[in-house]
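The values are calculated or read from the model by the stated rules, or taken from the named source; none is laboratory data. What you are looking at is a predicted structure, and each value in this text was computed from that prediction instead of being measured. Here the Cβ is made from the backbone with ideal geometry for all residues, glycine too, and neighbour counts use every protein chain on show. Only protein heavy atoms, including side chains, enter the accessible area calculation; ligands, DNA and RNA are left aside. Shrake-Rupley method; radii C 1.70, N 1.55, O 1.52, S 1.80 Å.
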Amino acid sequence: MISWKNLDELEAFKKLSGMADKVKLTEVMAGENGAERVGKYCIPMAEGLLYNFAAKKVDDDVLALMEELASEAQLADKFEELYNGGIVNTGEKRLVLHHLQRGQLGKDVIADGVNKREFYLTQQKNIAEFSEKVHAGEIVNEKGEKFNTVVQIGIGGSDLGPRALYIALENWARKNNTLKMQAKFISNVDPDDATAILNSIDVSRSLFVLVSKSGTTLETLTNESFVKAAMEKEGLDPAKHMLAVTSNASPLANNKGYLAAFYMDDYIGGRYSATSAVGGAVLSLAFGPDVFAQILDGAAAEDKLASGRDLMKNPDMLDALIGVFERNVLGYEATAVLPYSQAMARFPAHLQQLDMESNGKSVNRFGDYINYKTGPLIFGEPGTNGQHSFYQLLHQGTNIIPLQFMGFKKSQLENDVCIQETTSQQKLCANVAAQIMAFACGKKGESNNKTFCGERPSSIIIGDQLNPAALGAILAHFENKVMFQGFVWNINSFDQEGVQLGKILATNVLKHETDGALKAYSDLLNI
Ligand code: F6P
């Protein structure tokens, strides 16, 4: 029997709260003890990845209390309830089924009279068949030419995850001869976004994937019209260039104005939709359906690990609990995501939505205000670029910000030069190792200004090379981490009421139904 309790009602949390000063990184990470920790506090993720948390403020005692907390908060039971089709998104009274797109973790889920796994598999099959026809030149433009570009039009979850994944694999696909079409993305309602993309492509040889789960998003529908107008100006028929990806209940569903349509449903949250048709269409067109299938396989393997009950074999749950410890016991307000991989340049942007739209909540799943902190502020940049930007604050600022590093032993293009006896990849990896230790142990300087206090915790996900399966596993890791944290905080991580008010006011502004300061701002902006 599952009981949904607030974090501050849990006995294990009360005990964990006494552990704030238990571990000093300046002590435990120094010398040979530190070396031992690096080997000890490291557990496997899927696809050969490792989750290393040696530089976090934990020891065996803290971890034992986290195990107690995981068990008292029934994290594994709640995940089981979710993947077996429970109505875990209570705010919207919906099932939460993104895991089912990549594997069957539990029972058959039948909803709306449909076996949901079969529904998702059918969509994947339809996308694969369509993509292969495009690649084979069986689906072509009006002049009989092959399409060479795919442009996704969507925003939020209909943009960030798929875009992050595309950028993450573009070079890998080029190197492995599986880059079938270049992909571009239009998201912002800023006309400069669509214009710049349209100017950078041959529109006549482009397929546009209109992606909106709701089918009502102002930015996306505006950009659709923008692109259609550009096509018509060139004498092209939009219906021969445009696909739709939407939920089966949206106003865009079953519309004859599209070359093809692929579906998700209301049980896939926008920010959790990268492994649905939302990511599937653009990624299958760009890289081929096999590559998309490898992403799904990596995600499924990580989901499987996340369903385990042993915390020390469940990197997603452990990462979640360490994050809760940092937020609610140590009082840290933010988390920086720092992939030492240029390919992951947009991954922090995806995680911003995933984490902050999911867990930026002040009420519990029953609608009552809670008395503890929930989701942290998430930001990040790829290393080493971030080092030359905001790391000053991370090292010496008045806030301690936990860090989530990622690093890979090999580059994707495997084209490197040796300068002063080291390759660029070695320099990249040397930097992340150095940063972990600098943050943890610090250094006494000749003045306060030159002193690093240390005690800045970090973890690192380490992989051999960023490939589709590893990427899928990393994607799922963070989805699962966010989900487990939502369970611990007793919030609903699957709705997003906080985005509604701004949308309503913007509509009022556009209709000139405003007064007071909103009217004054509208006038200032010449609307
Ligand atoms: O920003 C709110 C939001 O609903 C996100 O959750 C979602 O990812 C985005 O808008 C786009 O929504 P849709 O796919 O329905 O156009």
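Annotations for the structure displayed:
- For the stretch 137-143, the Karplus equation 6.51 cos²θ - 1.76 cosθ + 1.60, evaluated at θ = phi - 60°, returns couplings of x, 8, 10, 9, 7, 4, 8 Hz by residue, with Gly and Pro reported as x.
- For q = 0.08, 0.12, 0.16, 0.18 Å⁻¹, Debye-computed log10 I/I(0) when each Cα of the stretch 108-295 counts as one equal scatterer: -0.22, -0.52, -0.95, -1.22
- Considering only the chain, percent of DSSP beta bridges that pair antiparallel, nearest 5: 25
- Here the chain is treated as an ellipsoid with the same Cα gyration tensor; its semi-axes, largest first and in whole Å, are 39, 27, 24.
- Placing dummy labels 7 Å off each Cα toward the beta-carbon, the span from GLU32 to GLN396 is 3.5 nm.
- Taking Cβ atoms as reference points and 11 Å as the exclusive limit, the residues near ASP416 contribute a net charge of +1, counting Lys and Arg as +1 and Asp and Glu as -1.
- Amide H contacts of PHE408 (H built 1.01 Å from N, under 5 Å, at least 5 apart or other chain): GLY463
- Rounded Å value of the spacing that divides the Cα centres of the stretch 454-511 and the stretch 219-234: 30
- The stretch 96-146-the stretch 294-333 distance, computed between alpha-carbon centres (Å): 28
- Calculated from backbone phi, Karplus (6.51, -1.76, 1.60) coupling profile of the stretch 327-337 in Hz, x at Gly/Pro: 7, 9, 9, 7, x, 7, 9, 9, 9, 9, 10
- Distance violations [Cα-Cα > 24 Å] among LYS228/LYS519; LYS116/LYS503; LYS15/LYS481; LYS14/LYS444: LYS228/LYS519; LYS116/LYS503; LYS14/LYS444
- Nitroxide proxy distance, nm - points 7 Å out along Cα→Cβ at GLU118 and LEU501: 4.5
- Rg to Rh quotient for the stretch 229-364, alpha carbon positions, Kirkwood Rh: 1.06
- Prolate/oblate/rounded call for the stretch 124-208, Cα gyration tensor, a/c under 1.5 rounded: oblate
- Checking every one of the trypsin sites (Lys or Arg not before Pro) in the stretch 485-527 against DSSP loop status and a limit of 15 other Cβ atoms within 10 Å picks out LYS511.
- Accessible area expressed per residue, the chain, with surrounding protein chains retained (probe 1.4 Å, Å²): 42
- When the GluC sites (Glu not before Pro) in the stretch 400-471 are filtered for DSSP coil states and for at most 15 other beta-carbon atoms within 10 Å of their beta-carbon, the remaining sites are GLU414, GLU421, GLU446.
- Cβ-Cβ distance of HIS388 and GLU232, R₀ of 41 Å, FRET efficiency by 1/(1 + (r/R0)^6): the value works out to about 0.35.
- Per atom type, the chain shows carbon and sulfur on 51% of its accessible surface, probed at 1.4 Å.
- Three-way shape call for the stretch 373-484 based on the alpha-carbon gyration tensor, with the a/c threshold at 1.5: oblate
- 3J(HN,Hα) couplings calculated from phi for the stretch 159-172 with the Karplus curve 6.51 cos²θ - 1.76 cosθ + 1.60 (θ = phi - 60°) are, in sequence order, 9, 4, x, x, 5, 4, 5, 4, 4, 5, 10, 4, 5, 4 Hz; Gly and Pro show x.
- For the stretch 108-295, the share of DSSP beta bridges that are antiparallel, to the nearest 5, is 10%.
- Shape of the stretch 1-146, Cα gyration tensor, a/c cut at 1.5: oblate
- Placed amide H near GLN182: partners under 5 Å, 5+ positions off or other chain: VAL150
- Proximal aspartates and glutamates relative to LYS146, as straight alpha-carbon distance under 14 Å, when same-chain residues fewer than 8 apart are discounted: GLU132, GLU138, ASP202
- Mean separation of Cα contacts under 8 Å, 6 or more apart, over the residue count of the chain: relative contact order %: 20
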